[in-house]
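Taking it in order: structure first as structure tokens, then the write-up.
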Amino acid sequence: MTVSARLDCALRKIDEANRADPNREVVGGENLPREFAYSQHMTRWLFELEPEPSERMQIACRAQHIERWTMPRSEFGEGRKNYYQWRQACGRMHGRRAAEIMAECGYPEEECQRVETILTKRELRQDPDTQLLEDVACMVFLERYFAPFYEEKPEYDREKWLRIVRRTWGKMSPRGHEAALKLASGMPAHLLELLQEALAGTRE
């Protein structure tokens, strides 16, 4: 296979897998499988932050939540510790599935393992590719899911929301911060106020 054919193969197989999500999300008036929609948001923001991304980053971003509905959060119990265990288990599963698909499409083992490592996020901060993936994921959250998440959690007090925003900000690079601040100007007033309060004194 040529390089472009391998990439097309991998992205197509990831899309096919994510189209099986029984959960739905409306995007531009179209009712889409939720993880397929999420993967498209990831790809769009990848090209916003990195106009000429590598093939491995295109695959990693598309596979960020591949088949996540098969590992429900509810299976891991309540509490922060269980939440992080779920997140780590998801990352391992996503990495493994992406590597399997890449191998099927003719990528060498080294490149498959590289994408698997990126998706587990074991080297966040140390690895530029992993950091780019995290920046992209944070931008997707802020743009698409922050507002509905806020409405779904009326039991969260102000301090908890401030911690959530600060943790998100802390995972991002300066490039991600710049993009987030541009995006924030279009947020609803209550979310913009929350963001500004959370970031007071933390900006670089």
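Which residue is surrounded by the fewest Cβ atoms within 10 Å (Cβ to Cβ), if the candidates are limited to the stretch 1-48 and must be among the β-branched types (Val, Ile, Thr) and not in a strand (DSSP E or B)?
Thr2
I need the full set of residues from the stretch 1-47 which are farther than 24 Å from Glu100 by Cβ and touching a helix residue (DSSP H, G or I) at 6+ places or on another chain (Cβ under 7 Å), in order please.
Arg24, Glu25, Val27, Trp45, listed by residue number.
Hey, Gln126 hits all of (1) among the polar types (S, T, N, Q); (2) exposed (fewer than 13 other Cβ atoms within 10 Å of the Cβ); (3) at pLDDT 95 or above but one; which does it fall short on?
Exception for Gln126: condition (3).
Which residue out of Glu159, Glu134, Glu155 is in the same structural domain as Leu192 (by TED's automatic domain parsing), under 15 Å from Cys61 (Cα atoms) and without any contact (Cβ under 8 Å) to a residue 60 or more places away in the chain?
Checking each option against the conditions leaves just Glu134.
Check the stretch 108-123 and report whether any residue there is in a loop (DSSP other than H, G, I, E, B) and touching a residue at least 24 places away in the same chain (Cβ under 8 Å).
The answer is yes; a qualifying residue exists.
Determine, yes or no, whether Ala103 is small (Gly, Ala, Ser), crowded, with 20+ Cβ neighbours inside 10 Å and either modelled with pLDDT of 95 or more or not in a helix (DSSP H, G or I) (or both).
Criteria not met by Ala103.
Which condition number does Leu142 fail, the rest of (1) within 25 Å of Gln88 (Cα to Cα); (2) among the hydrophobic types (A, V, I, L, M, F, W, C); (3) more than 14 Å from the chain's Cα centre (by Cα); (4) not assigned by TED's automatic domain parsing to the domain that holds Met93 being met?
Failing condition for Leu142: (3).
Could you list, in sequence order, all residues of the stretch 37-78 that are within 12 Å of the chain's Cα centre (by Cα) and of a type in the set (Phe, Trp, Tyr)?
Correct list: Tyr38, Trp45.
For the stretch 48-77, give me each residue that is small (Gly, Ala, Ser) and farther than 11 Å from Ala98 by Cα.
Ser54, Ser74, Gly77
Among the residues of the stretch 49-74 satisfying the criterion of being small (Gly, Ala, Ser) and more than 24 Å from His177 (Cβ to Cβ), which is surrounded by the fewest Cβ atoms within 10 Å (Cβ to Cβ)?
Out of the qualifying residues, it is Ser74.
Look through Glu134, Glu116 and report the one residue that is touching a Lys or Arg at 6+ places or on another chain (Cβ under 6 Å) and surrounded by 18 or more Cβ atoms within 10 Å (Cβ to Cβ).
Of Glu134, Glu116, the one residue that is touching a Lys or Arg at 6+ places or on another chain (Cβ under 6 Å) and surrounded by 18 or more Cβ atoms within 10 Å (Cβ to Cβ) is Glu134.
Among the residues of the stretch 124-136, how many are touching a helix residue (DSSP H, G or I) at 6+ places or on another chain (Cβ under 7 Å) and either assigned to a helix (DSSP H, G or I) or under 21 Å from Asp8 (Cβ atoms) (or both)?
Counting residues in the stretch 124-136 that are touching a helix residue (DSSP H, G or I) at 6+ places or on another chain (Cβ under 7 Å) and either assigned to a helix (DSSP H, G or I) or under 21 Å from Asp8 (Cβ atoms) (or both) gives 6.
So Met187 ticks every box in (1) part of a helix (DSSP H, G or I); (2) in contact (Cβ under 8 Å) with a residue 40 or more places away in the chain; (3) more than 17 Å from Tyr38 (Cβ to Cβ); (4) not assigned by TED's automatic domain parsing to the domain that holds Ala103 but one. Which box is left unticked?
(1)
Out of (1) within 15 Å of Val140 (Cβ to Cβ); (2) assigned to a helix (DSSP H, G or I), the odd one out for His65 is which?
So the condition that His65 fails would be (2).
The values are calculated or read from the model by the stated rules, or taken from the named source; none is laboratory data. Model, not experiment: these values are computed from the prediction. Backbone-built Cβ (ideal geometry, glycine too); neighbour counts: all protein chains shown.
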